[in-house]
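Novice: Below: one structure in structure tokens.
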Amino acid sequence: MKTNDSTKIEGEKVGTVHVSMYKDTSTRLPFFFITSDNEDMLQVSYIIEDSLCDF
């Protein structure tokens, strides 16, 4: 196990999901762009995407 000193998390990092929020220039409605850095994180990104559909 590795320790990330900046956040005191013990464990092996599996991946990262990035969520970017934009506003449509004509409607000003928000939309999101979600990316995963590997396939292990896809299920997490799908859950985030489903949750943000209600936003």
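Novice: Length gain on complete extension for the stretch Asp24 to Asp40, per 0.36 nm per residue less the alpha carbon to alpha carbon distance? Could the numbers behind the result be given before it?
Specialist: Working: separation 16, 0.36 × 16 = 5.76 nm, distance 3.04 nm.
Result: 2.7 nm gained on full extension.
Novice: Grab the beta carbon distance between Asp54 and Lys13, set R0 = 35 Å, and tell me the FRET efficiency rounded to 0.05. Kindly include the intermediate steps, with their values, before the conclusion.
Specialist: Details: r = 29 Å, r/R0 = 0.82.
Efficiency computed from Cβ-Cβ geometry: 0.75.
Novice: To the nearest 20 debye, what is the magnitude of the charge dipole of the chain about its Cα centre, counting +1 on the Cβ of each Lys and Arg and -1 on the Cβ of each Asp and Glu? Write down the numbers at each step before the final one.
Specialist: On the way: 5 positive and 10 negative charges, 58 e Å.
The dipole of the chain has a size of about 280 debye.
Novice: Mind grabbing the accessible area of Glu10 for me, 1.4 Å probe, Å², rounded to tens?
Specialist: 130 Å²
Novice: Also, quick follow-up: Counting only C-alpha contacts under 8 Å and six or more residues apart, can you give the relative contact order of the chain as a whole percent?
Specialist: 26 percent
Novice: Relative to the first principal axis of the alpha-carbon coordinates of the chain, what is the inclination of helix 42-52, with its axis defined by its Cα atoms, in degrees from 0 to 90 and to the nearest 10?
Specialist: For 42-52 against the chain, the angle is about 40 degrees.
Novice: Something else: Counting only Cα, what are the radius of gyration and maximum Cα-Cα distance Dmax of the chain, in Å?
Specialist: Rg then Dmax for the chain, in Å: 15.0, 49.
The values are calculated or read from the model by the stated rules, or taken from the named source; none is laboratory data. Just so it is clear, the model here is predicted, and its values are computed rather than measured. Neighbour counts run over all protein chains shown; Cβ positions are idealised from the backbone, glycine included. The area values use the complete protein model at the heavy-atom level, side chains included, leaving out ligands, DNA and RNA. Shrake-Rupley method; radii C 1.70, N 1.55, O 1.52, S 1.80 Å.
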